[in-house]
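> Quick one: structure below, then a few questions.
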There are 2 protein chains.
Amino acid sequence: MYDLLKGLRVVEGSAFVAGPTCGLYLAQMGAEVIRFDQIGGGPDFRRWPLTPRTEEGGGDSLYWEGLNKGKKSIALDLSRPEGRELAQRLAAAPGGAGGADGAMFVTNFPVEGFLSYATLAALNRDLICVRVMGWADGSQGMDYTINAALGLPLMTGPTDDARPVNHVLAAWDLLTGAYSAFALMAALVARLRGEGGREIRVPLSDVGAATMANLGFAAETLTTGAPRPRMGNDLYGAFGRDFTTRDGQRLMLLCVTPRQWAKALEALGLTAAVADLEAGLGVSFAADEGLRFTHRARLYPLFERAFAAKDAAALTAALDAGGVTWGAYQTMVEALEDRRLYKDNPLFEVVRHPSGLSYPTPGAMGAVLPDARQAVRPAPRLGQHTDEVLAQVLGLTSGEIGRLHDARLVAGADGR
Amino acid sequence: MYDLLKGLRVVEGSAFVAGPTCGLYLAQMGAEVIRFDQIGGGPDFRRWPLTPRTEEGGGDSLYWEGLNKGKKSIALDLSRPEGRELAQRLAAAPGGAGGADGAMFVTNFPVEGFLSYATLAALNRDLICVRVMGWADGSQGMDYTINAALGLPLMTGPTDDARPVNHVLAAWDLLTGAYSAFALMAALVARLRGEGGREIRVPLSDVGAATMANLGFAAETLTTGAPRPRMGNDLYGAFGRDFTTRDGQRLMLLCVTPRQWAKALEALGLTAAVADLEAGLGVSFAADEGLRFTHRARLYPLFERAFAAKDAAALTAALDAGGVTWGAYQTMVEALEDRRLYKDNPLFEVVRHPSGLSYPTPGAMGAVLPDARQAVRPAPRLGQHTDEVLAQVLGLTSGEIGRLHDARLVAGADGR
């Protein structure tokens with residue numbers, strides 16, 4: 001938690017990964033992020049992984065509570081017109097102090113419908129809305145189906161296996177979420193300059209297509225006429241791969257820059273052998289990373305022997321001492337014991353969550369200096385802030401709020 | 001190109017993916033992004049893929065020109081103190097109109113060294129610096145080594161193969177880049193509110209560790225004591241996998257929400273068969289996505305038969321008509337012919353690049369409404385804006401600029 005966005009109010013009506021991570025990043029930089037959900041939970045409220053089932057309950061979503069940290073929660077009945085109207089008023093509500101710092105809405109609700117930009121802008125023409133979409137034309141698409149369409153699963157995995165390999169990490173969702181947070185801030189900067197509201201649509205399909213072009217994949221295929229072939233764990237265009245130590249550990253080695261290449265050769269004792277190979281081929285690997293890639297089949301046996309000659313403990317000590325860029329393939333259990341990732345990482349703090357479990361939980365993934373890190377906040381219970389939000393954001397009286405509860409149009413944390 | 005960030009000036013001193021994508025997103029939303037590079041190009045200037053070699057030349061980086069679209073380029077000799085001083089002055093330079101809109105610097109140069117925050121803040125205490133890092137402790141790490149440490153390659157790929165599978169898409173780099181653009185904007189919003197400059201450090205290792213926690217992977221392993229097992233292309237916690245049609249096409253099917261599940265059963269003619277299975281098991285798959293996952297081995301044969309009964313053309317027409325969430329596994333060649341991704345996508349425009357090639361090129365990956373999309377701008381030639389930047393940003397006279405050229409401390413697009 002930091003205070004950079006103190007005083008900003010953002011309303012989130014979204015599910016799954018992209019919209020919720022956008023809201024999470026904003027909340028952890030200090031914005032007041034108010035998430036509305038269907039009473040009883042939206043489509044992501046029971047998403048796996050779940051907490052273990054116990055006699056007292058369990059079965060709560062670790063995913064939901066991970067993605068909604070530091071937000072406020074209001075529960076509405078979005079199936080009825082009156083509940084939908086409350087959502088519309090929330091999405092369009094101006095900020096507190098003069099209104100300039102509110103009227104920001106993050107959603108993955110459809111372009112047309114009760115949360116359309118036209119509907120909301122009629123309530124507040126200064127509204128900034130960032131809308132995450134699947135396909136840009138509005139058709140059904142999620143990370144894994146769009147990833148398949150982009151061609152990556154056919155480029156992923158061992159060369160001796162033609163089956164497509166899906167990614168496990170929903171990379172397009174995550175990139176879309178972070179880009180959406182950026183886009184919201186960009187529209188806010190324009191509004192602070194005196195411009196009006198805007199809608200920014202961020203479709204996963206465009207994020208994917210643009211990114212594959214930004215990285216050169218698209219132009220490469222246009223010039224070669226062929227997709228990039230599958231190449232297992234080989235780094236494309238430079239030198240990198242996993243190698244196996246004498247005791248069977250796999251380590252990922254990367255040599256992209258001349259410095260990384262020189263250091264790896266030195267630490268592995270390969271400088272002379274590689275110089276011989278260079279002399280034979282009439283090339284300089286140090287000067288051209290592409291040559292390391294082109295001739296990798298000649299280089300690999302040298303590296304395989306060097307890795308196989310030592311146990312991981314001795315080898316990794318030498319690689320570290322030599323400033324080599326390498327990484328062990330760890331299981332998530334090992335990762336949790338890795339002091340640089342989790343165990344001694346100041347980004348993490350043990351927090352008690354709505355599920356009742358306490359576990360190490362990250363704050364903002366950037367470190368803002370010289371500001372001190374503030375406490376990591378857990379996700380809310382569903383509906384925990386219903387009354388507070390209705391009173392403070394929509395200005396409802398306690399009598400009005402009571403009538404909404406009686407009509408079951410809203411619910412608090414106890415579900416009533 | 002949009003104008004949301006018109007009037008902002010950001011200096012970029014970075015290489016590879018994270019820093020350059022941060023600058024790209026800013027440039028395509030209208031900021032003036034000035035990238036400085038070593039004369040002759042930095043470590044990413046020859047990164048593959050390259051343009052085809054021809055008699056006239058070729059061998060230019062499609063990667064570099066993809067990642068640096070719409071930026072200005074100044075080439076400096078960063079190996080000498082005078083060149084380094086120019087980089088420092090650029091990074092810290094205030095904006096044009098009163099200075100409030102400049103002094104933003106994006107870099108992956110080391111924390112300590114000639115571009116340290118302390119050094120730059122001594123020139124301008126309002127400076128906002130976003131610093132992309134590998135490991136948070138400053139040690140060598142790049143996307144593929146940190147990804148290995150996080151445990152994902154051991155969770156990826158077919159269940160009948162224990163080898164780790166690296167991702168092909170540098171997801172951590174990309175997420176770090178977009179988050180960095182957000183973080184820069186957040187610090188700008190604070191500065192516009194009257195606060196001073198800041199440094200925000202965004203290490204790939206923290207982005208990775210936090211994201212694996214945000215998504216519930218870390219808490220899951222803490223509660224189960226085991227890493228999530230490898231499960232091929234199965235979607236975790238709901239229903240989704242690739243299935244093969246009669247004519248051998250693989251299609252990815254996703255059923256996360258109750259609606260997606262119902263529509264898939266209907267389009268595939270499986271409603272009755274699944275109801276029988278539910279009756280036998282005493283469960284309702286519609287009500288609980290986790291049960292679809294738990295019992296997926298019982299469900300898969302039904303879906304396999306339904307997919308194998310039809311050719312892809314007939315099946316995909318039925319899936320589309322039924323509003324099912326599915327995706328074909330396309331090669332990149334097929335993706336380029338996909339009208340929704342590339343062929344008819346208004347995000348793309350044919351642009352002539354520094355390499356001399358013209359090809360479809362994306363603008364900003366979010367659509368800003370109601371603003372009109374402006375022309376997509378190509379990357380600069382290296383050093384194309386050297387003199388302009390020295391004059392306009394550092395206020396040097398043409399005599400001073402000439403002396404810098406003579407001393408080979410700077411170079412223009414012709415390399416001199």
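> Among the numbered criteria (1) in contact (Cβ under 8 Å) with a residue 12 or more places away in the chain; (2) out of contact with any helix residue (DSSP H, G or I) (no Cβ under 8 Å at 6 or more places or on another chain); (3) more than 10 Å from chain A (Cβ to nearest Cβ), which one does B:Leu299 miss?
Unmet for B:Leu299, out of (1) in contact (Cβ under 8 Å) with a residue 12 or more places away in the chain; (2) out of contact with any helix residue (DSSP H, G or I) (no Cβ under 8 Å at 6 or more places or on another chain); (3) more than 10 Å from chain A (Cβ to nearest Cβ): (2).
> If B:Phe105 satisfies every condition in (1) touching a residue at least 24 places away in the same chain (Cβ under 8 Å); (2) more than 14 Å from chain A (Cβ to nearest Cβ) but one, which is the exception?
Tallying (1) touching a residue at least 24 places away in the same chain (Cβ under 8 Å); (2) more than 14 Å from chain A (Cβ to nearest Cβ), B:Phe105 fails exactly one: (2).
> Let me ask something additional. Test A:Ala148 against the stated conditions and say whether it is surrounded by fewer than 22 Cβ atoms within 10 Å (Cβ to Cβ) and either within 24 Å of the chain's Cα centre (by Cα) or under 27 Å from A:Pro43 (Cβ atoms) (or both).
Spelling it out, it is not the case that A:Ala148 is surrounded by fewer than 22 Cβ atoms within 10 Å (Cβ to Cβ) and either within 24 Å of the chain's Cα centre (by Cα) or under 27 Å from A:Pro43 (Cβ atoms) (or both).
> Please enumerate the residues belonging to region B:2-43 that are among the aliphatic types (A, V, I, L, M) and outside any loop (DSSP other than H, G, I, E, B).
B:Val10, B:Val11, B:Ala18, B:Leu24, B:Leu26, B:Ala27, B:Val33, B:Ile34 - these are the residues of region B:2-43 that are among the aliphatic types (A, V, I, L, M) and outside any loop (DSSP other than H, G, I, E, B).
> One residue is enough: does region A:328-339 have a residue meeting the conditions under 22 Å from A:Ala178 (Cβ atoms) and not assigned by TED's automatic domain parsing to the domain that holds A:Glu278? Walk me through how you get there before you give the answer.
Restricting attention to region A:328-339, the residues satisfying the condition of being under 22 Å from A:Ala178 (Cβ atoms) are A:335.
Checking which are not assigned by TED's automatic domain parsing to the domain that holds A:Glu278 leaves us with A:335.
Checked against the condition, which is being under 22 Å from A:Ala178 (Cβ atoms) and not assigned by TED's automatic domain parsing to the domain that holds A:Glu278, region A:328-339 yields at least one hit.
> Give me a count of the residues in region A:33-52 that are within 11 Å of chain B (Cβ to nearest Cβ), without any contact (Cβ under 8 Å) to a residue 60 or more places away in the chain and out of contact with any Pro (no Cβ under 9 Å at 6 or more places or on another chain).
Number satisfying all stated conditions: 7.
> Something else: Do we have A:Ala328 as away from chain B (no Cβ under 12 Å) and surrounded by 15 or more Cβ atoms within 10 Å (Cβ to Cβ) here?
no
> Which residues, taken from region A:284-301, are small (Gly, Ala, Ser) and either touching a Gly at 6+ places or on another chain (Cβ under 9 Å) or more than 16 Å from B:Asp60 (Cα to Cα) (or both)? Write out each step before concluding.
Going through region A:284-301, the residues small (Gly, Ala, Ser) turn out to be A:284, A:286-287, A:290, A:297.
Correct list: A:Ser284, A:Ala286, A:Gly290, A:Ala297.
> Of the residues in region B:68-81, how many are outside any strand (DSSP E or B) and touching a strand residue (DSSP E or B) at 6+ places or on another chain (Cβ under 9 Å)?
Qualifying residue count, region B:68-81: 7.
> Next up: Please go through region A:243-272 and give me each residue that is surrounded by fewer than 18 Cβ atoms within 10 Å (Cβ to Cβ), touching a Gly at 6+ places or on another chain (Cβ under 9 Å) and of a type outside the set (Lys, Arg), ordered by number.
Of everything in region A:243-272, just one residue is surrounded by fewer than 18 Cβ atoms within 10 Å (Cβ to Cβ), touching a Gly at 6+ places or on another chain (Cβ under 9 Å) and of a type outside the set (Lys, Arg), namely A:Glu266.
Okay, residues lined up against (1) modelled with pLDDT of 95 or more; (2) buried (at least 21 other Cβ atoms within 10 Å of the Cβ); (3) within 14 Å of another protein chain (Cβ to nearest Cβ):
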position: B:Val10; (1), (2), (3): yes, yes, yes
position: B:Leu24; (1), (2), (3): yes, yes, yes
position: B:Ala31; (1), (2), (3): yes, yes, yes
position: B:Ser61; (1), (2), (3): yes, yes, yes
position: B:Ala75; (1), (2), (3): yes, yes, no
position: B:Gly96; (1), (2), (3): no, no, no
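> Looking for something facing another protein chain (nearest Cβ under 7 Å), surrounded by fewer than 24 Cβ atoms within 10 Å (Cβ to Cβ), of a type in the set (Gly, Ala, Ser) and assigned to a helix (DSSP H, G or I) - is there at least one such residue anywhere in region B:220-228?
No, the conditions are met nowhere in region B:220-228.
> Only one residue in B:Val393, B:Val333 is of a type in the set (Val, Ile, Thr) and either closer than 24 Å to B:Tyr2 by Cα or in contact (Cβ under 8 Å) with a residue 12 or more places away in the chain (or both). Which one?
B:Val393
> Continuing with this model, one more query. Picking from B:Arg46, B:Arg84, B:Arg53, which residue would you name as being within 16 Å of B:Leu394 (Cα to Cα) and assigned by TED's automatic domain parsing to the domain that holds B:Glu388?
Only one candidate qualifies: B:Arg84.
> Report yes if A:Val207 is touching a Ser or Thr at 6+ places or on another chain (Cβ under 6 Å), assigned to a strand (DSSP E or B) and at the interface with another protein chain (Cβ under 7 Å from one of its Cβ atoms), otherwise no. Give the derivation first.
Working: touching a Ser or Thr at 6+ places or on another chain (Cβ under 6 Å): yes; assigned to a strand (DSSP E or B): no; at the interface with another protein chain (Cβ under 7 Å from one of its Cβ atoms): yes.
So A:Val207 does not fit the description; no.
> A follow-up question, please. Take the residues in region B:98-121 that are among the small types (Gly, Ala, Ser) and surrounded by 21 or more Cβ atoms within 10 Å (Cβ to Cβ), then tell me which one is farthest from B:Gly196 (Cα to Cα). Working first, answer last.
Applying the first criterion (among the small types (Gly, Ala, Ser)) to region B:98-121 yields B:98-100, B:102-103, B:113, B:116, B:118, B:121.
Next cut, surrounded by 21 or more Cβ atoms within 10 Å (Cβ to Cβ) only: B:102-103.
On the way: B:Gly102: 13, B:Ala103: 11 Å.
Step by step, filter region B:98-121, then rank; the result is B:Gly102.
> Among helices (runs of 4 or more DSSP H) lying entirely in region A:88-191, which contain 2 or more residues that are within 24 Å of A:Arg228 (Cα to Cα)?
Helices (runs of 4 or more DSSP H) meeting the threshold: A:143-150, A:152-155.
> Test B:Leu154 against the stated conditions and say whether it is within 29 Å of A:Pro360 (Cβ to Cβ) and hydrophobic (A, V, I, L, M, F, W, C).
Yes: the conditions hold for B:Leu154.
> Also: Regarding region A:157-174, can at least one residue be identified that is of a type in the set (Lys, Arg) and either farther than 25 Å from B:Arg340 by Cα or more than 7 Å from every other protein chain (Cβ to nearest Cβ) (or both)?
Taking every residue of region A:157-174 in turn, none turns out to be of a type in the set (Lys, Arg) and either farther than 25 Å from B:Arg340 by Cα or more than 7 Å from every other protein chain (Cβ to nearest Cβ) (or both).
> Take the residues in region A:361-384 that are at the interface with chain B (Cβ under 9 Å from one of its Cβ atoms) and over 18 Å from the mean Cα position of the chain (by Cα), then tell me which one is nearest to B:Ala186 (Cα to Cα). Don't jump to the end; show me each part of the working.
At the first step, the residues of region A:361-384 found to be at the interface with chain B (Cβ under 9 Å from one of its Cβ atoms) are A:361-371.
Now restrict to residues that are over 18 Å from the mean Cα position of the chain (by Cα): A:368-371.
Working: A:Val368: 10, A:Leu369: 13, A:Pro370: 15, A:Asp371: 14 Å.
Here the residue is A:Val368.
Yes/no matrix, rows are residues, columns are (1) touching a residue at least 60 places away in the same chain (Cβ under 8 Å); (2) not hydrophobic (A, V, I, L, M, F, W, C):
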| residue | (1), (2) |
| --- | --- |
| A:Pro153 | no, yes |
| A:Leu175 | no, no |
| A:Ala190 | no, no |
| A:Gly194 | no, yes |
| A:Gly216 | no, yes |
| A:Leu222 | no, no |
| A:Pro227 | yes, yes |
| A:Arg230 | yes, yes |
| A:Ala238 | no, no |
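> Can you tell me which residue among B:Leu336, B:Leu341 is within 30 Å of B:Leu382 (Cβ to Cβ), at pLDDT 95 or above, within 21 Å of the chain's Cα centre (by Cα) and surrounded by 15 or more Cβ atoms within 10 Å (Cβ to Cβ)?
Values: B:Leu341 fails: within 30 Å of B:Leu382 (Cβ to Cβ).
After applying the criteria, what remains is B:Leu336.
The values are calculated or read from the model by the stated rules, or taken from the named source; none is laboratory data. The shown structure was predicted, so the numbers you read here are calculated from the model rather than taken from an experiment. All Cβ positions, glycine included, derive from the backbone under ideal geometry; neighbour counts span all protein chains shown.
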